[in-house]
Amino acid sequence: MSEVQKAKVKDLVSVRQRIRRVEISGFADKSGNASFNMQLSQTRAQGVADWLAELGVDPNVIIVTAFGEENGQVDTQDGTTEPLNRRVEVLIEYW
C-alpha cells in the first residue's frame, strides 16, 4: 500500500466511533497453487485488518474474507502472474 493510500485510509478511520462494519477481502493471482493462493490472500487481508485495529478500529466490526485466486480483476491462465489480481479490497460502512 502506498503512503498516499495509507493516508486516505487513516482519514477514513479517523471517525472510527462511527464505523459500523469493515469488510476486508483478500485476493491472489494464479501464479501459485490454489491452496497457497488461498492462504496468501488470507494473510494479505488479515494484515490490513490488523493495521486497522492498530489505528483504533474495533476488531469486532472487522470481517476478513479470503478469495484466493477467485474473482480476479484480470482473467488469466493458471501459473500466470498478474499484479492487478494481487489485492485487498476494503469496504467501510458507517452509522
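The values are calculated or read from the model by the stated rules, or taken from the named source; none is laboratory data. Just so you know, these numbers come straight off a predicted model, no measurement behind them. Ideal geometry is used to build each Cβ from the backbone, glycine not excepted, and the neighbour counts take in all protein chains shown.
List of remarks:
- Residue pairs meeting the criteria (Cβ under 6 Å; at least 6 apart or on separate chains; first modelled with pLDDT of 95 or more, in the range 50-75; second surrounded by 13 or more Cβ atoms within 10 Å (Cβ to Cβ) and charged (D, E, K, R)): Val61/Arg21; Ile63/Glu23; Glu69/Lys30; Val74/Glu82
- Condition broken by Met1, with the remaining ones in (1) modelled with pLDDT under 95; (2) crowded, with 19+ Cβ neighbours inside 10 Å; (3) closer than 11 Å to Arg87 by Cα satisfied: (2)
- If the condition is being under 13 Å from the mean Cα position of the chain (by Cα) and within 12 Å of Val9 (Cβ to Cβ), then the range 50-61 contributes Trp51, Leu52.
- Selection over the range 40-95 of residues that are closer than 12 Å to Val22 by Cα and of a type in the set (A, V, I, L, M, F, W, C) gives a count of 14.
- Among the residues of the range 24-34, those identified as surrounded by fewer than 19 Cβ atoms within 10 Å (Cβ to Cβ) and either on the phi > 0 side of the Ramachandran plot or touching a residue at least 12 places away in the same chain (Cβ under 8 Å) (or both) are Ser31, Ala34.
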